[in-house]
Amino acid sequence: MFNQRSRSKNMIRISVFSALASAFSIIVQFTYRTIFLLILSKEYLGIEGLFSNVIQLLSLAELGIGTIIAYRLYKPLEEKKIEQVSAIMFFLKRIYLIIAVVITFSGLVLVPILKYLIKDTGEIPADVSLYIVYILFLSQSVSSYFFTYKQIILVADQRGDLVAIYNTISTLIKSIVQIAVLYITHDYQTVLFCSIFIGILLNCLFSIYIDGIYKEIFACKIPIASGLKKEIFHDLRATLCHKIGGVISTSTDNLVLSAFVGLGKLGIYSNYILIIDAVKKIIIQALGNFTASVGNAFIQMNSEQYYEFYEKMLVINFFFTDVTSICIVFMINPFIELWQGKDMVFSFGEVMVIIICYYINTIRLINISFTNAAGLYIKDMLRPIMEDIINLVISILLVINYGMIGVFIGTIISHILTVGWREPLILYRYSFKRPVRRYWLLYMKNLGVVVISFIFIRSIFSYNVSNYFQWIFHAFIIAVMTLGIIISFFYKNLKSWKR
């Protein structure tokens with residue numbers, strides 16, 4: 001019943017399957033987005049982006065309980081304590097049912113203020129009811145809590161590859177249905193309804209599959225120990241702050257853009273986010289989707305082995321972030337121009353601030369995995385709230401005079417003043433028990449790699465890309481040059497891994 005593979009095999013399987021699944025999922029999503037924009041306008045994308053972020057804000061009700069439960073599952077799964085795992089999962093089920101009710105109520109309360117989240121309601125397409133579309137998005141979010149809680153045991157048991165495969169199959173089936181319905185009806189609301197129905201059906205089937213794997217776990221309904229319940233609720237104070245921080249940080253940009261810039265600009269931005277999130281998703285699946293493996297290492301390794309493991313993963317994180325950041329900043333505009341046309345392209349300055357936001361978030365993936373695996377989120381309770389207050393205030397102040405660029409400058413400044421220095425300090429102080437100076441030496445070396453790569457490629461790069469083959473060739477050359485510069489800087493680190 002429980003996973004018997006070694007940690008190294010689990011990490012390889014999770015990374016490979018997840019990365020391939022994400023790449024396939026991205027192709028499917030791009031296909032759907034292309035057909036979507038051929039039939040409907042960018043304003044529909046703006047509505048989708050806005051309501052996705054409203055629902056993301058409502059997910060604050062989840063409180064980060066999934067992270068806490070996953071952390072509590074590592075040890076009993078390792079020791080194969082069926083009754084303890086069963087008690088934790090039964091408790092999680094009850095909590096998620098309560099969360100579904102809370103999100104439903106909170107979502108309905110927001111209905112009267114929806115129109116105030118859009119700068120110009122005249123941009124709303126005539127065939128769209130703002131309230132019907134919102135209720136459909138809310139239904140999609142609420143329904144997921146009845147099934148997806150079971151996926152937490154797969155992730156904690158180092159079976160994230162199964163989740164990745166399911167997500168790919170689910171995305172493929174939903175996209176095929178959406179494309180067919182969109183082509184036949186040309187009606188956005190019908191497409192959304194069909195997508196939700198298929199999503200619920202697939203979630204139900206996958207839930208039944210997980211029941212089959214962990215039959216003994218889900219057959220029991222054992223109450224959780226009072227001591228463990230107190231520990232979980234104690235940790236909730238910290239994860240609530242982190243949950244608020246994470247959700248507001250990723251949601252406020254779209255909300256501010258919708259309220260101050262408009263749905264049209266938000267629709268264009270959604271294309272950039274589709275591409276950037278697709279790249280980030282692959283990296284997360286390859287690097288950040290094995291928190292359970294890190295948790296397993298935390299239990300089994302001594303402190304020196306654990307830190308060496310961390311530093312290797314940190315450098316690999318640098319590699320992925322550097323190469324993708326440089327490629328995206330130079331190649332995203334030529335790609336969107338080929339894909340959607342010149343009127344759907346932002347200026348290079350706007351692209352730069354978007355990619356800086358991508359860089360400072362993606363460079364944290366390994367730190368996030370190690371922080372969660374060690375349960376260190378409780379050491380940093382107030383930081384996420386401070387980060388979001390700074391982000392929101394600066395973004396609103398700057399968006400009035402500088403438009404979209406001001407929103408992302410707010411995000412960058414809030415990161416530098418809070419999580420940028422605080423997260424590694426806590427990780428090194430409490431988990432590795434060594435000075436954080438080593439981290440900053442590696443970080444600054446890596447930042448030098450990015451700056452040198454950017455200046456060098458900027459001086460020789462040509463934007464004359466007239467077809468997809470030229471685009472692929474340019475992207476490949478930029479990736480190889482960036483990778484070459486990285487390897488030359490980190491050669492000593494790579495060489496030491498062989499010993």
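The values are calculated or read from the model by the stated rules, or taken from the named source; none is laboratory data. From a predicted model like this one, the values you see are computed outputs, not experimental measurements. Positions of Cβ are backbone-derived with ideal geometry, glycine not excepted, and every protein chain shown enters the neighbour counts. Ligands, DNA and RNA are excluded from the accessible area calculation, which covers all protein heavy atoms including side chains. Shrake-Rupley method; radii C 1.70, N 1.55, O 1.52, S 1.80 Å.
Remarks
- Debye log10 I(q)/I(0) at q = 0.15, 0.33 Å⁻¹ for the stretch 422-463, Cα point scatterers: -0.51, -1.01
- Among Ser139, Ser226, Ser144, the order of accessible area from largest down is Ser226, Ser139, Ser144, computed with a 1.4 Å probe on protein heavy atoms.
- Convex hull per residue volume in Å³, alpha carbons only, for the stretch 396-451: 88 Å³
- Expressed in units of 2.2 N^0.38 Å, where N is the residue count, the Cα radius of gyration of the stretch 128-170 is 1.55.
- The listed residues Glu83, Glu216 rank as Glu83, Glu216 when sorted by accessible area, largest first, using a 1.4 Å probe.
- Other-chain or far-sequence residues with amide H under 5 Å of Leu110's (modelled H): none
- Ordered by solvent-accessible area of protein heavy atoms (1.4 Å probe), largest first, the residues Val85, Val480, Val450 come out as Val480, Val450, Val85.
- The alpha-carbon of Lys81 sits under 15 angstrom from the alpha-carbons of these aspartates and glutamates, leaving out residues fewer than 8 places away in its chain: Asp157, Glu216.
- Per-residue ³J(HN,Hα) for the stretch 25-30, Karplus 6.51 cos²θ - 1.76 cosθ + 1.60, θ = phi - 60°, Hz, x for Gly and Pro: 4, 5, 4, 4, 5, 5
- With 30 Å as the limit on Cα-Cα distance, the pairs of Lys281/Lys445; Lys174/Lys379; Lys75/Lys312; Lys342/Lys445 that go past it are Lys174/Lys379; Lys342/Lys445.
- Charge dipole (the stretch 106-215, unit charges on Cβ, about Cα centre) - positive-most of Val163, Val111, Ile210: Ile210
- Stokes-Einstein D for the stretch 316-439, Kirkwood Rh over Cα pairs, 25 °C, 0.890 mPa s (µm²/s): 151 µm²/s
- In this label model, Ile385 and Phe456 are separated by 4.6 nm, measuring between points 7 Å along each Cα→Cβ vector.
- Percentage of interatomic Cα-Cα distances in the stretch 160-243 larger than 19 Å: 63 percent
- Cβ-derived FRET efficiency at R0 22 Å, Ile477 paired with Phe24, nearest 0.05: 0.30
- Inter-part distance, the stretch 355-371 to the stretch 161-206, computed on C-alpha centroids, equals 30 Å.
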